[in-house]
1. Could you please find all residues in the range 151-172 being within 24 Å of S253 (Cβ to Cβ) and not in a strand (DSSP E or B)?
2. Name the pairs whose Cβ atoms lie under 9 Å apart, with the first residue in the range 200-214 and at pLDDT 65 or above and open to solvent by 50 Å² or more (accessible area, probe 1.4 Å), the second among the hydroxyl-bearing types (S, T, Y) and near the ligand (Cβ under 10 Å from one of its atoms), and 6 or more positions between them or separate chains?
3. Can you confirm whether the range 222-230 contains a residue that is in contact with a helix residue (DSSP H, G or I) (Cβ under 8 Å, 6 or more places away or on another chain) and either within 16 Å of the ligand (Cβ to nearest atom) or not in a helix (DSSP H, G or I) (or both)?
4. Which residues, taken from the range 173-196, are open to solvent by less than 80 Å² (accessible area, probe 1.4 Å), in a loop (DSSP other than H, G, I, E, B) and not small (G, A, S)?
5. Going through the range 9-37 one residue at a time, which ones are more than 11 Å from H67 (Cα to Cα) and acidic (D, E)?
6. Can you name the number of the only condition in (1) open to solvent by less than 30 Å² (accessible area, probe 1.4 Å); (2) out of contact with any strand residue (DSSP E or B) (no Cβ under 7 Å at 6 or more places or on another chain); (3) among the β-branched types (V, I, T); (4) free of Cβ contacts under 8 Å to residues at least 40 places away in the same chain that V167 fails?
7. Could you list, in sequence order, the residues of the range 385-405 that are in a helix (DSSP H, G or I) and either open to solvent by 60 Å² or more (accessible area, probe 1.4 Å) or closer than 16 Å to E321 by Cα (or both)?
8. Being over 19 Å from the mean Cα position of the chain (by Cα) and buried (at least 22 other Cβ atoms within 10 Å of the Cβ), is that true of even one residue in the range 279-289?
Amino acid sequence: MTFREDGAAALEWAARYLERVGELPVLAQVQPGEIRASLPASPPDRPEPFANVLRDLDELLLPGITHWQSPRFFAYFAVSASEPGILAELLAATLNSVAFLWRTSPASTELELLTLDWVAQLLGLPAGWHGHIEDTASTSTIAALAAAREATGGHVVVCSEHAHSSVDKAAKLLGLELRKTPADDDFRLRVNALDLTDAAAVVATVGTTSTASAWVCPELRWSQDGVERADSLVVNAHKWMFTPMDCSLLWTSRPDDFRRAFSLVPEYLRTSDEVDSLPDYGPALGRRFRSLKLWAVLRCYGREGLQARIREAVRLAELFEGWVRDEPGWEICSRRHFSLVCFRRRGSDQENEAIVERVNRSGELFLSHTRLNGQYVIRLAVGNERTTQEDVRRAWDSLRGAAAG
Ligand SMILES: Cc1ncc(COP(=O)(O)O)c(C=O)c1O
């Protein structure tokens, strides 16, 4: 078999997968260790055809996949690897650029700067911010806090009690102390309660993790009030911006502080190129060509395509919220701003936990939970681009069925 034939088979596999992913159990129905036990313990001595890899992906690995691409994946946060994004990943792997200096892949560096500018325009961010891509929000947060430590000499990070654990981890790694501030009744950071003594940075979260992509829609931009006062901003394009994992966008209005924290040029990387070198803004030296997939999504969807998908997810979440609110015995637990609904069955935590366990085990949908005001709360995050009203309806029917026993 040639690369061309194997490639056609792989693409056919990908196309078929996307057609049937809605029929597969959303949460993998396997026991710990089961997948590993089904595979040889040692690598093959002799080369095998690529067809064997595809066959085993289908037969052995697929049962152990939790389907993030399923239209009924409602857990944690919403993601979709869109078709343009998937194809661009293949092309980026083909080029295999390692952009640690401008000259090692000028197009990669320049497209990254350009796409970050494009997304800044789409989200209505202030003009002139410097943007680059990291792998995940965890890394972006480490980078921003390292720059803050460098710029201020402070040793404390201030955040809300509801800040994501990646903030705790970044502070721990950087040797910074974390000061958590109580939230208000709406789970917002209480700005007038901040103790800024010795602070290097205040980390604020806008809504939930996916929220910032919603800024593509002008009617949802109320939540960005004051964004021009931020020194940096992280948005994961691999969440609600239809870009395959991983693609975390990090902008800063203080690029000099980032360079002071990260720029380090050994002799063997010294050049006369007078251009931006993106490893000067974060921990990694070698950088994948991540902007290619983001660029492909932006080109193939356009502003209108992004807006339509985000508006539909918000509409579906609103619909679901209405069903919960109107159903006796259920309650909404926090104000819904975008496409995340937090709710629970009126009853004990154990009862709610059992409902989630039951629907997840059924394979019909996948949900996760959190704790608000000490109570177990079920979360339904809508945002996969294939999710339809029928999927959301099926989720609600399953939940009601599970509650009825
Ligand atoms: C608000 C927030 N910050 C950070 C993260 C961590 O993101 P990543 O998995 O890209 O490190 C998440 C993940 O969901 C999140 O919701």
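1. Quick first cut of the range 151-172, residues within 24 Å of S253 (Cβ to Cβ) only: 151-160, 163-164, 166-167, 170-171.
Once the filter is applied, which keeps residues that are within 24 Å of S253 (Cβ to Cβ) and not in a strand (DSSP E or B), the range 151-172 yields A151, T152, G153, G154, H155, A163, H164, S166, V167, A170, A171.
2. Close Cβ pairs satisfying both conditions: T205/T211.
3. Within the range 222-230, one or more residues are in contact with a helix residue (DSSP H, G or I) (Cβ under 8 Å, 6 or more places away or on another chain) and either within 16 Å of the ligand (Cβ to nearest atom) or not in a helix (DSSP H, G or I) (or both).
4. Listed by number, the residues that qualify are L176, P182, D184, D186, F187, L194, D195.
5. E12, E19, E34
6. (2)
7. Restricting attention to the range 385-405, the residues satisfying the condition of being in a helix (DSSP H, G or I) are 389-403.
Within the range 385-405, Q389, E390, D391, V392, R393, R394, A395, W396, D397, S398, L399, R400 qualify.
8. Within the range 279-289, one or more residues are over 19 Å from the mean Cα position of the chain (by Cα) and buried (at least 22 other Cβ atoms within 10 Å of the Cβ).
The values are calculated or read from the model by the stated rules, or taken from the named source; none is laboratory data. Being a predicted model, the structure only gives us computed values, none of them experimental. Neighbour counts are summed over all protein chains in view; Cβ atoms, including those assigned to glycine, are modelled from backbone coordinates with ideal geometry. For the accessible areas, the whole protein counts, side chains as well, though only heavy atoms, and no ligand, DNA or RNA atoms are used. Shrake-Rupley method; radii C 1.70, N 1.55, O 1.52, S 1.80 Å.
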